[in-house]
Amino acid sequence: MNESDSPLATIFSSSLRRSFSIIADLRLAIALLLIIALVSISGTVIEQGESLTFYQQNYPEAPALYGFLTWKVILSWGLNHVYSTWWYLSLLVLFGTSLTTCTFIRQLPALKAARNWKFYLKPRQFNKLALSVELTQGSIKNLNSLLQQKGYKVFLQDNALYARRGLVGKIGPIVVHLGILIVLAGGIWGAFTGFFAQELVPSGETFQVRNIFEAGPLALKQVPQQWAVKVNRFWIDYTNDGAIDQFYSDLSVVDLQGQELKRQTIFVNQPLRYDGVTFYQTNWSIAGVKVQLNNSPIFKLPMAQLNTQGNGRIWGTWLPTKPDLSEGVSLVARDLQGTVFVYNQQGQLVNAVRVGQNIEVNGVTLKLLELIGSTGLQIKADPGVPLVYTGFALLMLGVVMSYFSHSQIWALETETGFFLGGKTNRAQVTFEREFVEIIEQIQQVETNQVKQESLV
């Protein structure tokens, strides 16, 4: 007795086939796709990659958003980095497995069946076709010429004919599945090898990517080590009423010796891309201020953002006006338009000064030379993006291919009559009209031939 014929092997084989059948079920694939879509929407609605303080402030425990969504729920379920959680990646793998199994169990056999054809050599075989007719006159030769004109590929054998058109429609679903699988592979590869970082860099400084918020287990190779980025200049364009119109960063990619490799001015929706890393303009700040007291050397003082309890953004610093630091003033700015407000030690506003102007304060001449802005950059690397784009291209191509109808026609010429039949997998009404048209054209050709023979 062969081992493959044992009861245990039979049970195992049956269970395996049953498992494959469940995985390849279209209903399972649709359910997984809906779950992935819902989870992806949650990743769009809930801010990704923010700090713990951000989630605690925006998703408090009381009152909880929608009665259940709190910062603890978000962090425990990984909703702050949805697309790299183990359960989201598991959904992608399961969905990909379902599509792959469906392709091998259903789509490829269907394509093979469509490519494997046979001639109908008996009249009764035409009875099982969706459309069939028996004509009193007709010829394989005339039908062959007519079908070729309509784009059919025709095969002949003695007095039998088989023709097909639109085999690409059978390949379309396979291409769609392949495209989706490549998109999933790109997403998984990006989750494992990509990273997300944020940097706040003052004008004139050079930095390397260090402040990484989120990274895949294989992302270290993507973090640039052989080059850095210099912020040549950061500036903001304002509207006439003082609102921000756009902010810009003039960036240079430089090697470790300081040689410029690429230079580009970025703004919102116009990032810098280099070596697989993308730099987006997302935020701004005031880094510091340059001042001079009388004829002293130029002071570059850092400015920090002050807590306004949600009443706008302002930055401030303290400037000593005596060498022993016994007196000084506070400098406060709210934007980069060039105006700084000066407050005394009692917190009273004493004056305002613009860039390039002088004022007298505490017996010294204060000159404001420059407000130094900081650019807020969001930095991303996702090596899976090319795969995702390739997958989407194949997906669209496969959808277009799937619209082609796979139509088949058989014919048999006998001494008693001419048998014609056909079927299609979609656009049934259109195919029926074409089938009737073929019948009419065959009859017309045969009638004309009879008339010509009678004239001769």
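No value in this document is a laboratory result; all are computed from the given coordinates. Since the model is a prediction, treat every value here as computed from it, not as a measurement. Here Cβ is always computed from backbone atoms with ideal geometry, including for glycine, and neighbour counts include all displayed protein chains.
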Using only Cα atoms, what Kirkwood radius does segment 14-108 have, in angstroms? 15.3
Going Cα to Cα from Lys380, which aspartates and glutamates come in below 19 Å? Please leave out same-chain ones fewer than 8 positions away. Glu47, Glu50, Glu199, Glu214, Asp250, Asp275
How would Ile46, Ile105, Ile379 line up from fewest to most surrounding beta-carbon atoms within 10 angstrom? Ile105, Ile46, Ile379
Exposure proxy order (Cβ contacts within 10 Å, fewest to most) of Arg433, Arg164: Arg433, Arg164
Taking segment 142-298, the lysine pairs whose C-alpha atoms sit under 22 Å apart (8 or more places apart or on different chains) add up to 6
Quote the charge dipole size of segment 196-381 about the Cα centre in Debye, to the nearest 20; the model charges only the Cβ of Lys and Arg (+1) and of Asp and Glu (-1). 220
Expected sort for Met303, Met401, Met396 with the fewest Cβ neighbours (10 Å cutoff) up front is Met396, Met401, Met303
Provide the net charge surrounding Arg233, with neighbours chosen by a C-beta distance below 12 Å and charges set as Lys +1, Arg +1, Asp -1, Glu -1. -1
In whole Å, how far is the Cα centre of segment 111-176 from that of segment 335-377? 87
Label point distance in nm, Phe20-Leu135, each placed 7 Å from Cα along Cα→Cβ: 4.4
Could you please state, rounded to a whole Å, how far the C-alpha centre of segment 233-264 is from the C-alpha centre of segment 186-213? 18
